[in-house]
Amino acid sequence: MRAGLLAALLGAGAASAVTLNEKAKESGCVNKPVYVTGEMYKCATQSGASSYFNVPGADGNPLPGSATSSSQPVRSAKAATPAGFPRVDPNTQKGRDDVRRKVLSEELAAEEKLLSESRVLYADGAPPPLPEERADAEKYRVRIARLRQTVGVHEKNVEALKKELGAIK
């Protein structure tokens, strides 16, 4: 049974490729996503927080339609560095990595705070109904769905930020 379920899940994943626009909509983006690194993209959400998400299959290249993509063909192999190409001093790179780590840590702290606040509002799927929702159950269901989506977005953002922090040398 497990093997059949696993095969079904793997087959469904391969058959349903997720586009950048779908992931942006799912993440609650209010602007066009910006390519960050690898398969990672970033956008602003309605709450003003940054949303980070992966787009499977990006293979380290911006997808068509992203802010940094171009009409040039995508090459999968990296070109060799030319002999006269300037190199970054290790201390300079360390400073850049430290700044990046600090910025990501600050964003992670902010995102964890937003996640905590969202979980309190969501109240495990049973927040008390607002006065206008007592008469209209559909309004209550819509608010719960929106709160659930907000919690999910913040959880994904925290996960992505932790992944990025772990990737810093």
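The values are calculated or read from the model by the stated rules, or taken from the named source; none is laboratory data. Nothing here was measured: the structure is a model prediction, and the numbers come from that model. For neighbour counting, all protein chains shown are included, and Cβ atoms are generated from backbone atoms with ideal geometry for every residue, glycine included.
Of all residues in region 128-149, how many are out of contact with any Leu (no Cβ under 9 Å at 6 or more places or on another chain) and surrounded by 15 or more Cβ atoms within 10 Å (Cβ to Cβ)?
Restricting attention to region 128-149, the residues satisfying the condition of being out of contact with any Leu (no Cβ under 9 Å at 6 or more places or on another chain) are 128-138, 141-142, 144-146, 148-149.
Filter again for surrounded by 15 or more Cβ atoms within 10 Å (Cβ to Cβ), leaving 129, 133, 144, 149.
Of the residues in region 128-149, 4 are out of contact with any Leu (no Cβ under 9 Å at 6 or more places or on another chain) and surrounded by 15 or more Cβ atoms within 10 Å (Cβ to Cβ).
Of all the residues that make up region 88-112, how many are under 25 Å from the mean Cα position of the chain (by Cα) and either more than 15 Å from ALA160 (Cα to Cα) or of a type in the set (Asp, Glu) (or both)?
From region 88-112, those under 25 Å from the mean Cα position of the chain (by Cα) are 96-112; that's our starting set.
When the remaining residues are screened for being either more than 15 Å from ALA160 (Cα to Cα) or of a type in the set (Asp, Glu) (or both), the result is 96-99, 102, 106-107, 111-112.
Result for region 88-112: 9.
Among the listed residues GLY152, GLY166, GLY125, which satisfies the condition of being surrounded by fewer than 12 Cβ atoms within 10 Å (Cβ to Cβ) and either touching a Cys at 6+ places or on another chain (Cβ under 9 Å) or free of Cβ contacts under 8 Å to residues at least 12 places away in the same chain (or both)? Break it down into steps so the answer makes sense when it comes.
Working: GLY152 fails: surrounded by fewer than 12 Cβ atoms within 10 Å (Cβ to Cβ); GLY125 fails: either touching a Cys at 6+ places or on another chain (Cβ under 9 Å) or free of Cβ contacts under 8 Å to residues at least 12 places away in the same chain (or both).
Step by step, each of GLY152, GLY166, GLY125 is checked, and only GLY166 is surrounded by fewer than 12 Cβ atoms within 10 Å (Cβ to Cβ) and either touching a Cys at 6+ places or on another chain (Cβ under 9 Å) or free of Cβ contacts under 8 Å to residues at least 12 places away in the same chain (or both).
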Note on region 1-28: residues at pLDDT below 50, outside any loop (DSSP other than H, G, I, E, B) and aliphatic (A, V, I, L, M) are ALA3, LEU5, LEU6, ALA7, ALA8, LEU9, LEU10, ALA12, ALA14, ALA15
All conditions in (1) under 26 Å from the mean Cα position of the chain (by Cα); (2) loosely packed, with under 10 Cβ neighbours inside 10 Å are true of PRO82 except (1)
Every listed condition ((1) more than 18 Å from LEU104 (Cβ to Cβ); (2) modelled with pLDDT of 80 or more; (3) under 11 Å from the mean Cα position of the chain (by Cα)) holds for VAL55 save (2)
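Working carefully through the options ASN31, ASN91, find the one that is closer than 18 Å to LYS156 by Cβ and modelled with pLDDT of 85 or more. Before you say what the answer is, go through the steps one by one.
Values: ASN91 fails: closer than 18 Å to LYS156 by Cβ.
Residue meeting the stated conditions: ASN31.
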The lone condition GLY166 fails out of (1) at pLDDT below 95; (2) touching a helix residue (DSSP H, G or I) at 6+ places or on another chain (Cβ under 7 Å) is (2)
